[in-house]
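Please treat every number below as a calculation from the coordinates, not as lab data. Since this is a predicted model, take the numbers as computed values, not measurements. Glycine gets a Cβ as well: all are built from the backbone with ideal geometry, and neighbour counts include every protein chain shown.
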Amino acid sequence: MQLIDGKATAAQIKQEIAEQVAAIKAAGGKTPHLAAILVGHDGGSETYVAAKVKACAECGFKSTLIRYEADITEQELLAKVQELNNDADVDGFIVQLPLPKHINEQHVIEAIDYRKDVDGFHPINVGRMNIGLPCFVSATPNGIMELLKRYGIDTKGKKAVVLGRSNIVGKPMASLLMQKTNPGDCTVTVCHSHTANIKEECLQADIIVAALGIPGFVKADMVKEGAVIIDVGTTRVPDATKKSGFRLSGDVDFANVPPKCSLITPVPGGVGPMTICSLMKNTLLAGTKAIYE
Ligand code: GUN
């Protein structure tokens, strides 16, 4: 069994991005600029947005963090989105999810100019991704594809099981794994809370992507010998030994599953750093107008 080191891979990619940004700046080009809107004080969102701002600095990007209290109205938030759409200095921006319940997330996502939608959540980007056209691809599945590629994992004709059907991970992951690309060319099964016989489905899989948000869901008896396991779970579970009072737990039973598989991503240090790295790649694509305009 080999660990897939997402942290080291992400550091390598950020280094590659920083070199490209330095070359752009040296040639008198524009510094790519990512803006992030954070509403409220959700602990997870605070951590993720802080990590995104830090990664921007590592890549040589300009970043702007825009904060609002949780009682901001949908109208006020939509007005800010319009402002960023029209701000020529901002190449791409994200609205960190989840949003407070009184705000319709879909309204916000669809208000973002798809040419600045570096999260890849706008229906135009989702649609283009599904038919294999250039677009901004959702960061987590894109980061997983990059890991599969950089680790030389053979996916062609393999059976992949995706656990979870969310719009930002499960669905785009399934779509990317079945594309006529390398990595890709998988036969994909998507399992969710209403799937019968999840264990049997998983036992068929050469590759399992676990994105359910249920700590330790994937047990050793659900894994075929030699499978590749990608763990997207990042649930905060109480842990008195940690200064923060919690630790991150993946969707895989990490005490027992690793001996059964050929490759596995740890939590933390697997998919998480790659997700942020993918956002940085999308920001570079937005800054260089490599996809749109
Ligand atoms: N919340 C969880 N993941 C993400 C993400 O990739 N982008 C945004 N904007 N919010 C998230």
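The figures follow:
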| item | result |
| --- | --- |
| Members of the stretch 56-96 that are assigned to a loop (DSSP other than H, G, I, E, B), closer than 14 Å to Ala35 by Cα and either within 16 Å of the ligand (Cβ to nearest atom) or in contact with a His (Cβ under 6 Å, 6 or more places away or on another chain) (or both) | Asp89, Val90, Asp91, Gln96 |
| Filter result (in a loop (DSSP other than H, G, I, E, B), within 16 Å of the ligand (Cβ to nearest atom) and among the hydroxyl-bearing types (Ser, Thr, Tyr)) within the stretch 114-173 | Ser138, Ser166 |
| Any hit, the stretch 69-81, residues being surrounded by 16 or more Cβ atoms within 10 Å (Cβ to Cβ), under 17 Å from the mean Cα position of the chain (by Cα) and not basic (Lys, Arg) | no |
| Residues of the stretch 143-171 classified as under 22 Å from Ala196 (Cα atoms) and out of contact with any Leu (no Cβ under 8 Å at 6 or more places or on another chain), total | 8 |
| Contacts under 8 angstrom Cβ, first residue in the stretch 174-195 being without any contact (Cβ under 8 Å) to a residue 60 or more places away in the chain and under 15 Å from Asp154 (Cβ atoms), partner among the charged types (D, E, K, R) and not in a loop (DSSP other than H, G, I, E, B), 6 or more apart | Asn182/Lys149; Pro183/Lys149; Cys186/Lys159; Thr187/Lys159 |
| Strands (runs of 3 or more DSSP E) contained entirely in the stretch 201-293, each with at least 1 residues that are within 15 Å of the ligand (Cβ to nearest atom) and surrounded by fewer than 23 Cβ atoms within 10 Å (Cβ to Cβ) | 235-238, 246-249 |
| The one condition in (1) out of contact with any Lys or Arg (no Cβ under 9 Å at 6 or more places or on another chain); (2) surrounded by fewer than 24 Cβ atoms within 10 Å (Cβ to Cβ) that Phe121 fails to fulfil | (2) |
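Residues are listed down the side, and each one gets a yes or a no for (1) in contact (Cβ under 8 Å) with a residue 12 or more places away in the chain; (2) buried (at least 17 other Cβ atoms within 10 Å of the Cβ); (3) closer than 18 Å to Thr283 by Cα; (4) of a type in the set (S, T, N, Q):
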| position | (1), (2), (3), (4) |
| --- | --- |
| Leu3 | yes, no, no, no |
| Lys7 | yes, no, no, no |
| Ala10 | yes, yes, yes, no |
| Lys14 | yes, yes, yes, no |
| Ala23 | no, no, yes, no |
| Ala36 | yes, yes, yes, no |
| Val39 | yes, yes, no, no |
